[in-house]
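Engineer: Attaching a single structure in structure tokens format; questions to follow.
The values are calculated or read from the model by the stated rules, or taken from the named source; none is laboratory data. Keep in mind it's a predicted model, so treat the numbers as computed, not measured. When we count neighbours, we look across all protein chains shown, and the Cβ atoms used for this are built from the backbone with ideal geometry, even at glycine. Areas reflect the complete protein model, heavy atoms only, side chains present, ligands, DNA and RNA absent. Shrake-Rupley method; radii C 1.70, N 1.55, O 1.52, S 1.80 Å.
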Amino acid sequence: MPPPAPPILPPEVRALEDAKIRSYRDRIEGIARADGDPGRAAVKTFGGMAAFRGPDRSFVYGLTDADLPHLEAMFDWFAGVKPYVQTVAHDAATGAAEALLARGYRPHGYMAVLAGPAGPRSPDAPPGVAVRALDAPEETFVDTYVRGYAWDAVTAEARHRLDVAAQYAGAPWRLCVAEVDGRAACIGALHLQGRVGFLANAATVADARNRGAHGAVLNWRIDRAAREGCDIVASDTAAFSGSHRNMARAGLALAYQRVRWKP
């Protein structure tokens, strides 16, 4: 008898995974277009997997048991570099987990994937907080991004700052910045893809936290997604983090979790 077919991800999970993959694909391809060096940034698909070679780290998303026949080709493409891998915490990825363990990978935390309806949100923000849209990843966006993610001096060098601008330049992106007491404090990035708006990135500078800027940026993106024709918004973040709690307060619910695998 042939072996049983591997379980298949539920359609709603597959749709949210695809949303994450498409947003990250646009980011890496943006760097590749701006940089012109395929050695620094490249994307390749193997079955249902998307492999990303980035300037700092390499990642794989979408690995399930159905992709095991493509595993060797995927690792060969990375040419000796072991990428970080994320798998859905689901029966459809138990064989994938065993294959990663056999290669020396170990679980390294969990990502919560949240989703909810897009819809109008009040433009009101906490006192002293104001959100404005950006037409492009201008210097204010890049600078707040770098400070919000607390990049060290080496990472924040000019080439990496250009990478940030390149990642979020393009038609699918809608960007904003929240100002606290007149100073840029938090950025937000929304990726549009049909009926799904993916809340890709938000980061708040350390001295402006706990003022409501992150929540204001979150509501701006949910509202903008609805205005752009989306009926679903989704995002991912470290499980049970402050971002997770903020998204839950904004009406997004836990859809599933991913396992982060470290080589």
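Engineer: Got a number for residues in the stretch 32-55 being over 21 Å from Pro7 (Cα atoms) and in contact with a helix residue (DSSP H, G or I) (Cβ under 8 Å, 6 or more places away or on another chain)?
Structural biologist: Start the filter on the stretch 32-55 by keeping residues that are over 21 Å from Pro7 (Cα atoms), which leaves 32-44, 51-55.
Those still in the list that are in contact with a helix residue (DSSP H, G or I) (Cβ under 8 Å, 6 or more places away or on another chain) too: 33-35, 38, 40-44, 51-55.
Adding up the residues that qualify gives 14.
Engineer: Look at the stretch 141-178 and say how many of its residues are without any contact (Cβ under 8 Å) to a residue 60 or more places away in the chain, of a type outside the set (Phe, Trp, Tyr) and closer than 14 Å to Thr204 by Cβ.
Structural biologist: Residues in the stretch 141-178 being without any contact (Cβ under 8 Å) to a residue 60 or more places away in the chain, of a type outside the set (Phe, Trp, Tyr) and closer than 14 Å to Thr204 by Cβ: 8 in total.
Engineer: Then there is this: Please go through the stretch 131-158 and give me each residue that is aliphatic (A, V, I, L, M) and outside any helix (DSSP H, G or I), ordered by number.
Structural biologist: Within the stretch 131-158, the subset aliphatic (A, V, I, L, M) is 131, 133-134, 136, 142, 146, 150, 153-154, 156, 158.
Matches in the stretch 131-158: Val131, Ala133, Leu134, Ala136, Ala150, Ala153, Val154, Ala156.
Engineer: Can you confirm whether Asp124 is assigned to a helix (DSSP H, G or I), among the charged types (D, E, K, R) and at negative phi?
Structural biologist: Working: assigned to a helix (DSSP H, G or I): no; among the charged types (D, E, K, R): yes; at negative phi: yes.
When the stated conditions are applied, Asp124 does not pass them.
Let's see how each residue does on (1) touching a Gly at 6+ places or on another chain (Cβ under 9 Å); (2) without any contact (Cβ under 8 Å) to a residue 24 or more places away in the chain; (3) β-branched (Val, Ile, Thr):
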| position | (1), (2), (3) |
| --- | --- |
| Ile28 | yes, no, yes |
| Gly36 | no, yes, no |
| Met49 | yes, no, no |
| Tyr61 | no, no, no |
| Asp67 | yes, no, no |
| His70 | yes, no, no |
| Asp76 | no, yes, no |
| Gly80 | no, yes, no |
| Ala93 | no, no, no |
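Engineer: Continuing with this model, one more query. If you go through the stretch 7-23 one residue at a time, how many are in a helix (DSSP H, G or I) and touching a Gly at 6+ places or on another chain (Cβ under 9 Å)?
Structural biologist: So the first thing to find is which residues in the stretch 7-23 are in a helix (DSSP H, G or I), and the list is 11-23.
If we keep only those that are touching a Gly at 6+ places or on another chain (Cβ under 9 Å) too, we end up with 14, 17-21.
Number of matching residues: 6.
Engineer: Can you tell me which condition Val81 does not meet? The list is (1) more than 30 Å from Tyr256 (Cα to Cα); (2) more than 18 Å from the chain's Cα centre (by Cα), and all the others hold.
Structural biologist: The number of the failed condition is (1).
Engineer: Which condition breaks for Ile222 when tested against (1) open to solvent by 20 Å² or more (accessible area, probe 1.4 Å); (2) within 17 Å of Cys176 (Cα to Cα)?
Structural biologist: Going through (1) open to solvent by 20 Å² or more (accessible area, probe 1.4 Å); (2) within 17 Å of Cys176 (Cα to Cα) one by one, Ile222 breaks only (1).
Engineer: Turning to a different aspect of this structure: How many residues does the stretch 225-252 hold that are closer than 20 Å to Gln86 by Cβ and either open to solvent by 50 Å² or more (accessible area, probe 1.4 Å) or not in a strand (DSSP E or B) (or both)?
Structural biologist: 7
Engineer: On the basis of being of a type outside the set (A, V, I, L, M), more than 23 Å from Val129 (Cα to Cα) and modelled with pLDDT of 95 or more, does Cys230 make the cut?
Structural biologist: Numbers: of a type outside the set (A, V, I, L, M): yes; more than 23 Å from Val129 (Cα to Cα): yes; modelled with pLDDT of 95 or more: yes.
Considered against the rule, which asks whether it is of a type outside the set (A, V, I, L, M), more than 23 Å from Val129 (Cα to Cα) and modelled with pLDDT of 95 or more, Cys230 comes out as yes.
Engineer: Quick one: count up the residues across the stretch 14-54 that are over 15 Å from the mean Cα position of the chain (by Cα) and over 25 Å from Ala89 (Cα atoms).
Structural biologist: 12
Engineer: Can you tell which of Ala125, Ala150, Ala136 is within 15 Å of Val180 (Cβ to Cβ) and either among the aliphatic types (A, V, I, L, M) or loosely packed, with under 13 Cβ neighbours inside 10 Å (or both)? If you could, list the steps in order and put the result at the bottom.
Structural biologist: Details: Ala150 fails: within 15 Å of Val180 (Cβ to Cβ); Ala136 fails: within 15 Å of Val180 (Cβ to Cβ).
Among Ala125, Ala150, Ala136, only Ala125 is within 15 Å of Val180 (Cβ to Cβ) and either among the aliphatic types (A, V, I, L, M) or loosely packed, with under 13 Cβ neighbours inside 10 Å (or both).
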